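Taking it in order: structure first as structure tokens, then the write-up.
The values are calculated or read from the model by the stated rules, or taken from the named source; none is laboratory data. The structure displayed is predicted, hence computed values, not measured ones. Every residue, glycine among them, receives a Cβ derived from its backbone with ideal geometry; neighbour counts consider all protein chains shown.
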Amino acid sequence: MSITVGIPQALLYYKYYPLWEGFLGGLGLEVVTSPATNRRILTAGVEAADNEICLPVKVFYGHVLSLKEKVDLLFIPRVVSVEEDAYTCPKFLGLPDMIRAVGDMPEVLDPIFNFRLGSRRVSRDVYSFAKRFTKHPAKVWRAWRHGVDEQRRYVAKLESGWTPVEVLSGKAPPEAKGDMTIGVVGHPYNIHDEYVSMNLVKRLRKMGARVVTSDMLPHRVVEAEANRLPKKLFWTYEKEIVGSAFYWMRSGTVDGMIYMLSFACGPDSLIQVLLEQEAKREGAPALMPLVIDEHSGEAGLVTRVEAFVDMLAWRLN
Amino acid sequence: MPVTWPHLGNLEIVLKDLITAAGQPYILPPKNTARTLQLGLRHSPEFACLPLKITIGNFIEALEAGADTLIMAGGIGPCRFGYYAQVQRAILNDLGYDFEMIVLEPPAMGWKLFVDTLKRIAPGKSLWEIAKAIKLAFRKGRAIDAVEREVLKYRAYERKKGATTKAYRAALNVLDEALFEKDAIDEAKEEALGLVYGVEKDVDRPVLKMGIVGEFYLLLEPFVNFDVEEYLGHSGVSIERSVYVSDWISPGNNNIIGGISEEEIKRAAAPYLNHFVGGEGQATVGHTVIYAGHGFDGVMQLFPFTCMPDTIAKSILPRVGRDFDIPILSLVIDEQTGKAGLITRLEAFLDLLWSRRMQREKRLLSV
Ligand code: SF4
Ligand code: SF4
């Protein structure tokens, strides 16, 4: 029987699942994911995690708990940094330790990914992580390449307008209709977790809007736009948020933007100010912040989103 | 062009000297009050961490008082502090204030930028003069911290309630007034320590030993922590604290004041939090482990609501508490926190610590 390793369907799953799955699969492990977020998972997460933590990390706890009886190992890498001069979010730096502190967990695999130290160092860390599963460096290399190829295909699909959920489930997005385009800005683990976002993307499409999200823009576009700030941001995923919003504001390719952020999100609490100021400029598309936490009700969200879409439709006519 | 900077505990005593040595006039922001907080709340993003809100309040009040050059520290992340200045500038610009902001970024962002910024703060001074002034400032800063450390440790033993606080104020005054010269600072330090040591003590009194860990701003600024340290001292608690101003300003300097080196802290934290997470996250865990190992009665963690590094630490501390069998009280502070509620929780915690102490002593006597 092969060893099973669990990947929670939360947080950076939405960013790197194909890479991780390809890599771990290539090492001969059987990858098991948790089901899509549901009420049970959310409730379990909210109960287990510290009250002050942001919603997506609470959701992550819930996914871990739903996996823990089913797997031999848990894969919770320490994703410190994915590019040379920026970090991810502090929460990702401490995530494996936070999960261990819950107690009574399967063994947590926490390889470090820290591109601030250069890609040579990253490959060294990858090899030393994989050592316990195979003695053959060539196999590690093939597994990693396999993951990287999968990841490339994944990103290309995202850039062509598929959402992460669509790519990962192999279901093509519905034909884009409507003459209104809405940009949805925010962390993919909020926007694309359909339970957490209360189906925001589908809902907007049903209201007749085309939807684009931050992860559909190529990294270099986002990077260039974000670097218009007087000081470079040191959080990669916030660069993606700021960069996509700036891009849409400047290019005018969307009619309005919805900025979904989790209550108590550290980086977003600061970014929000910069985005809102930029959106106040003449001619910029409207920006509506949508703050979510575990108490957000569906009714409230629907009302706000509908009002926003109505307002945009009214502007367009 | 009067310069200003936000309040942070005793930091202003050295900054006043430093800015004067740089040849600049300065205006201190008015003391932190409810108004400072209100202003900060009104103009800051809702779930930004508390230090951002209060320092915005400081800047607004200092600008009202006539300052026009704001000095702020920068940073390279991953905690939010490194981006504060950018957001503060945007908010204050939006409010229509006319000012210049000088952000002192750490050398890690480039030595040239660092040196250029120092020269903007001290126009016309040579690098050598600047370096000398900074060295002196650290000397004074460490003197202040050394005094504070003694105060925290021995307040619990004072015979006359309030005597230590009085001596502490006098000691700070001596240091504040000392000339900005090596010998003068050293002499002032002796005198200041003498004042604190001179407080009459009851050394036989049973006291609790508590470690205080957490986020630097909350630990160092009495306005936001309601001066819990004084309260604890008066309640018979001798304190050791993880962060001091001079340690915080010169990270990597092996924690001269706290007395515990960064290496040691990392090693102690590793089984529980095996990576830095920005801010004081890892230090909070590491210090707790060390304090627990030294047989302290309890540890208190203080940090602002939404603070990322210390929230991570809070999630992990219960495991440390279980392993070492030491009570840990995590206090999360936000703008709604009131002193009364805080004291109630502390009282309950102290009761717990005392009863554990009694039990332990009983056990020891019965064998
Ligand atoms: S970026 Fe924000 S929402 Fe995401 S983990 Fe960090 S604090 Fe939470
Ligand atoms: S350490 Fe915490 S409270 Fe302090 S600036 Fe960083 S995130 Fe904010």
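Kindly indicate whether B:Ala188 is farther than 21 Å from B:Trp354 by Cα, small (Gly, Ala, Ser), in contact with a helix residue (DSSP H, G or I) (Cβ under 9 Å, 6 or more places away or on another chain) and in contact (Cβ under 8 Å) with a residue 40 or more places away in the chain. Yes. Taking segment B:318-331 as the range and being surrounded by 21 or more Cβ atoms within 10 Å (Cβ to Cβ) and of a type in the set (A, V, I, L, M, F, W, C) as the test, the residues that pass are B:Val320, B:Ile326, B:Ile328. State which residue is nearest to the other protein chains (Cβ to nearest Cβ) when the search covers only segment A:104-113 and only residues that are touching a helix residue (DSSP H, G or I) at 6+ places or on another chain (Cβ under 7 Å) and not aliphatic (A, V, I, L, M). For segment A:104-113, the residue satisfying everything is A:Asp110. Considering segment A:48-65, and only residues there that are away from ligand 2 (no atom under 16 Å from the Cβ), within 13 Å of another protein chain (Cβ to nearest Cβ) and out of contact with any Leu (no Cβ under 8 Å at 6 or more places or on another chain), the residue that is nearest to A:Leu261 (Cα to Cα) turns out to be A:Leu55. If only residues of segment A:224-236 that are away from ligand 2 (no atom under 16 Å from the Cβ) and in contact (Cβ under 8 Å) with a residue 40 or more places away in the chain are counted, the one that is nearest to the other protein chains (Cβ to nearest Cβ) is A:Leu229. Within segment B:41-69, residues that are under 17 Å from B:Leu28 (Cα atoms) have Cβ atoms under 9 Å from residues that are within 16 Å of ligand 1 (Cβ to nearest atom) and among the aliphatic types (A, V, I, L, M) in these pairs: B:Ile56/B:Ala48; B:Ile56/B:Val87, counting only partners at least 6 apart in sequence or on another chain. Kindly indicate the residue of segment A:68-90 that is out of contact with any Cys (no Cβ under 7 Å at 6 or more places or on another chain) and within 16 Å of ligand 2 (Cβ to nearest atom) and also nearest to the other protein chains (Cβ to nearest Cβ) among those meeting that condition. Among those residues, the one meeting the criterion is A:Tyr87. Taken residue by residue, segment B:271-287 has at least one member that is within 14 Å of chain A (Cβ to nearest Cβ), among the hydroxyl-bearing types (Ser, Thr, Tyr), touching a strand residue (DSSP E or B) at 6+ places or on another chain (Cβ under 8 Å) and touching a residue at least 24 places away in the same chain (Cβ under 8 Å).
Scanning segment B:281-311 for residues that are touching a Leu at 6+ places or on another chain (Cβ under 8 Å) and either more than 16 Å from ligand 2 (Cβ to nearest atom) or within 23 Å of A:Arg116 (Cα to Cα) (or both) returns B:Gly281, B:Gln282, B:Thr288, B:Asp297, B:Gly298, B:Val299, B:Met300. Close Cβ contacts (under 6 Å, 6 or more residues apart or on different chains) running from residues in segment B:331-346 that are within 14 Å of another protein chain (Cβ to nearest Cβ) to residues that are assigned to a loop (DSSP other than H, G, I, E, B) and of a type outside the set (Val, Ile, Thr) comprise B:Val332/A:Glu52; B:Val332/B:Phe305; B:Asp334/B:Phe305. Taking first residues from segment B:288-311 that are over 21 Å from B:Gly233 (Cβ atoms) and partners that are of a type in the set (Phe, Trp, Tyr) and within 16 Å of ligand 1 (Cβ to nearest atom), the Cβ contacts under 6 Å between residues at least 6 apart in sequence or on separate chains come to B:Thr306/B:Phe47; B:Asp310/B:Phe303. Taken together, A:Leu24, A:Leu42 contain a single residue that is within 16 Å of ligand 1 (Cβ to nearest atom), more than 14 Å from chain B (Cβ to nearest Cβ) and more than 16 Å from the chain's Cα centre (by Cα), which is A:Leu42.
Yes or no: B:Asp351 acidic (Asp, Glu), more than 14 Å from every other protein chain (Cβ to nearest Cβ) and under 25 Å from B:Tyr272 (Cβ atoms)? Answer is no for this residue.
Listed by position, the helices (runs of 4 or more DSSP H) inside segment B:27-96 whose residues that are more than 10 Å from every other protein chain (Cβ to nearest Cβ) and among the basic types (Lys, Arg) number at least 2 are B:34-43. Within segment B:200-223, being within 16 Å of ligand 2 (Cβ to nearest atom), more than 17 Å from B:Thr288 (Cβ to Cβ) and outside any helix (DSSP H, G or I) holds for one residue alone: B:Glu221.
Selection over segment B:62-106 of residues that are within 16 Å of ligand 1 (Cβ to nearest atom) and at positive phi gives a count of 1. Is at least one residue of segment B:302-317 modelled with pLDDT of 95 or more, away from chain A (no Cβ under 14 Å) and surrounded by 21 or more Cβ atoms within 10 Å (Cβ to Cβ)? There is no residue in segment B:302-317 that is modelled with pLDDT of 95 or more, away from chain A (no Cβ under 14 Å) and surrounded by 21 or more Cβ atoms within 10 Å (Cβ to Cβ). Per this entry, A:Leu95 is counted among residues that are within 20 Å of the chain's Cα centre (by Cα), in a helix (DSSP H, G or I), in contact (Cβ under 8 Å) with a residue 40 or more places away in the chain and crowded, with 20+ Cβ neighbours inside 10 Å.
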